[in-house]
Structures are given as C-alpha cells and as structure tokens.
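The values are calculated or read from the model by the stated rules, or taken from the named source; none is laboratory data. The shown structure was predicted, so the numbers you read here are calculated from the model rather than taken from an experiment. All Cβ positions, even for glycine, are placed from backbone atoms using ideal geometry, and neighbour counts span all protein chains on display.
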Amino acid sequence: MSPGTKFHPVLPDALPPTSSVERVILMSGKLHYDLVRERAARGLDGRAAIVRIEELAPFPFAHLADVLRPYTGMSKDVEWVWVQEEPRNQGAWSHVKDRLDTVLQDLGVQGGVRYVGRQESAVPAPGIGKVYEVQQRAVVDDAFARL
C-alpha cells in the first residue's frame, strides 16, 4: 500500500445512497469494475448500489452494517444480492451467506441475500475463453436484471 493509505474492509459505493436505490449488490474482487461499467451503461446509477467487501475473514460485521444502514431506511423494499464470478460452490458465497443475513437481520431487514453467479461446477472456470465470456456476461446481466 502507498504511504498515507490504509486498508478498508468494506468499500461503499462511490455514489451516495438515495431513495431511488432498488438493489444493493454486495461483492468482492475485480468483478466490481465490470459491474460499475455495466451499471453506467444501463443508466442505473441511482437504482443499483455496489458495495465491495474486501475483508472476508474476520468478517467485518460492524463495518458492513455501517455501510448498509443508509439503504435500510429507504421508503421501498431494497433487494439484496451477492454477486460472484466463481461457481456457487466455490468463491465466497458459502462463507458470506449466513454472515450477510445476520448483518441484514440486525439492521431490521426482512428476507435475506439472493445469490447471483455461475452455477455449481467441478472446475473454477470453463477453460475456453468464449465460454467464460458468455458466462461472465450472464452473471453481469443477472446482477441488473429486472431493474
């Protein structure tokens, strides 16, 4: 890290929370850049928030609650999704699901987090570039579907 910088376990969306947010996308890693680009391309800057969880262990319960709290006071129901590019049985989903639900319950949110990502697989990636691109496009599309 550069001098004068510090690690942040949770990175809030660069856009401030507004009452027009319909979906909060929770994720970790470089997929963030694809999601931010796609959100802008679809004109969804005010309707989808993207929050990065950069520290998975120990899980940053308090930091995450602080970042998510503004979205819980919206006048409409907000949908909460975890997006990952890895298959469902790999990546962070199995680690974060119950932890995310706990944070949301503590904030008074009914329901839980919905998974968006590749289906379960014995391999981490298909190994064929074109297949990977199609699957990656499907993950990004699903993250913003019905908005």
Worksheet entry | Among the candidates LEU31, LEU26, residue that is closer than 22 Å to ASP141 by Cβ, in contact (Cβ under 8 Å) with a residue 24 or more places away in the chain and in contact with an Asp or Glu (Cβ under 8 Å, 6 or more places away or on another chain) | LEU31
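Being assigned to a helix (DSSP H, G or I) and of a type outside the set (A, V, I, L, M) is the filter; apply it to the range 23-40 and report the residue that is surrounded by the most Cβ atoms within 10 Å (Cβ to Cβ). I'd like the intermediate steps shown before the answer.
Going residue by residue through the range 23-40, those that are assigned to a helix (DSSP H, G or I) are 31-40.
Of the ones still in play, those that are also of a type outside the set (A, V, I, L, M) are 32-34, 37-39.
Working: HIS32: 17, TYR33: 9, ASP34: 17, ARG37: 11, GLU38: 17, ARG39: 23.
Only one residue tops the list, namely ARG39.
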Discussion item. Which pairs turn up if I take residues in the range 71-91 that are under 17 Å from VAL139 (Cα atoms) and look for partners that are outside any strand (DSSP E or B) and among the aromatic types (Phe, Trp, Tyr) with beta carbon separation below 7 Å, at least 6 apart in sequence or on another chain?
Written reply: TRP82/TRP93; GLN84/TRP93
Fill in: LEU100 touching a residue at least 60 places away in the same chain (Cβ under 8 Å) and over 21 Å from THR18 (Cα atoms)
yes
Worksheet item: Can you spot a residue in the range 38-53 that is at positive phi and among the small types (Gly, Ala, Ser)?
Response: yes
Discussion item. Out of GLY112, GLY46, GLY91, GLY73, I need the residue that is at pLDDT below 95, farther than 20 Å from LYS30 by Cβ and under 15 Å from the mean Cα position of the chain (by Cα). Which one?
Written reply: GLY112
Worksheet item: (1) aromatic (Phe, Trp, Tyr); (2) within 13 Å of the chain's Cα centre (by Cα); (3) closer than 20 Å to GLN110 by Cα: which one isn't true of TYR33, the others all being true?
Response: (3)
Response to the item:
Among strands (runs of 3 or more DSSP E) completely within the range 41-147, the ones holding 3 or more residues that are in contact with a strand residue (DSSP E or B) (Cβ under 6 Å, 6 or more places away or on another chain) and of a type in the set (A, V, I, L, M) are 48-53
Worksheet, complete the sentence: GLY4 fails exactly one of (1) outside any loop (DSSP other than H, G, I, E, B); (2) surrounded by fewer than 15 Cβ atoms within 10 Å (Cβ to Cβ), namely (1)
Worksheet item: Restricting the search to the range 57-70, which residues are surrounded by fewer than 15 Cβ atoms within 10 Å (Cβ to Cβ), over 20 Å from PRO17 (Cα atoms) and either at pLDDT below 95 or of a type in the set (A, V, I, L, M, F, W, C) (or both)?
Response: ALA57
Discussion item. From the list GLN135, GLN105, GLN90, exactly one residue is surrounded by 12 or more Cβ atoms within 10 Å (Cβ to Cβ), among the polar types (S, T, N, Q) and touching a Lys or Arg at 6+ places or on another chain (Cβ under 8 Å). Which is it?
Written reply: GLN135
